[in-house]
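J.: Below are the structure tokens for one structure; questions will follow.
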Amino acid sequence: LPTGAGEIATFVPEFTRKDLFEKMQLLKPDRSFRESFEYCNMPYLATGYIAEKLTGKTWEELVTEKIFKPLGMKDSSFSPDEIKKNKNYSLPYTLKDGKITEVEYAPIDSLGPAGSINSSLDDMTKWLILLMKDGKIGNSQLISEGALSEILSPQVVAPGYIPLRDKLPEIKDICYGMGWAINRYRGYRMISHGGT
């Protein structure tokens, strides 16, 4: 099974979330534990699938109930079909043969928890404010401070994860947390994730 976002669209439509979860047992590590950093979307899928089994709600229902609604994220959705219902959505593009070319949205619905959220700048700003306020919105603690601190802490050294950063001398300590690239830029902590 491929692990990177660029390879996702080639196999995901053929499988359900349950299929992908069950196929994880077929994955074999090609390196020993903590030998090096490798990015893999499958554990994110597994976490979402397990949450569905424990709660009886789909991952999409849980995210809508626990995050989108409390934050007022009305322009966020989970599939290309849903995002296209919004009058004001942007199209994906790539550089092909030296020309900017429109491409189709990747159909990664079955991989959902690993990156199928489509959002607007306004909604993403609401999410970022929640993160900057230590998981709190108004008087509600949506994410515990302890859990958020762990999520945003380096878990593994990840040189080469973002190649450009390896080439810039002012960027140091390139690591990966729980879904986040974490490094230092001119002494300041920088947390990011590119998305596609």
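J.: Can you name every residue in region 73-100 that is modelled with pLDDT of 90 or more, open to solvent by less than 50 Å² (accessible area, probe 1.4 Å) and touching a strand residue (DSSP E or B) at 6+ places or on another chain (Cβ under 9 Å)?
T.: Matches in region 73-100: Ser76, Ser77, Phe78.
J.: Given the criteria touching a Phe, Trp or Tyr at 6+ places or on another chain (Cβ under 7 Å), touching a residue at least 60 places away in the same chain (Cβ under 8 Å) and closer than 30 Å to Phe21 by Cβ, does Gly112 qualify?
T.: yes
J.: Further question on the same structure: Quick check, is Ile174 over 19 Å from Ile67 (Cα atoms), aliphatic (A, V, I, L, M) and open to solvent by less than 30 Å² (accessible area, probe 1.4 Å)?
T.: Criteria met by Ile174.
J.: To continue, here is another question. Checking the condition hydrophobic (A, V, I, L, M, F, W, C), under 25 Å from Ala46 (Cα atoms) and touching a helix residue (DSSP H, G or I) at 6+ places or on another chain (Cβ under 7 Å), which residue from Leu142, Leu128 passes?
T.: Residue meeting the stated conditions: Leu142.
J.: Further question on the same structure: Examine region 12-33 for a residue that is modelled with pLDDT under 90, open to solvent by 60 Å² or more (accessible area, probe 1.4 Å) and of a type in the set (Phe, Trp, Tyr), and state whether such a residue exists.
T.: yes
J.: Checking the conditions here, which among Ile143, Ile129 is surrounded by 12 or more Cβ atoms within 10 Å (Cβ to Cβ), within 18 Å of the chain's Cα centre (by Cα), part of a loop (DSSP other than H, G, I, E, B) and not basic (Lys, Arg)?
T.: On inspection, the qualifying residue turns out to be Ile143.
J.: Now for a different question. So Ile162 passes all but one of these: (1) open to solvent by 60 Å² or more (accessible area, probe 1.4 Å); (2) at pLDDT below 85; (3) among the β-branched types (Val, Ile, Thr). Which condition number does it fail?
T.: Failing condition for Ile162: (1).
The values are calculated or read from the model by the stated rules, or taken from the named source; none is laboratory data. If you're wondering where the values come from, they're calculated on a predicted model, not measured in any experiment. In this analysis, Cβ positions are derived from the backbone assuming ideal geometry, glycine residues included, and neighbour counts consider all displayed protein chains. Surface accessibility is based on the protein's heavy atoms, side chains included, excluding ligands, DNA and RNA. Shrake-Rupley method; radii C 1.70, N 1.55, O 1.52, S 1.80 Å.
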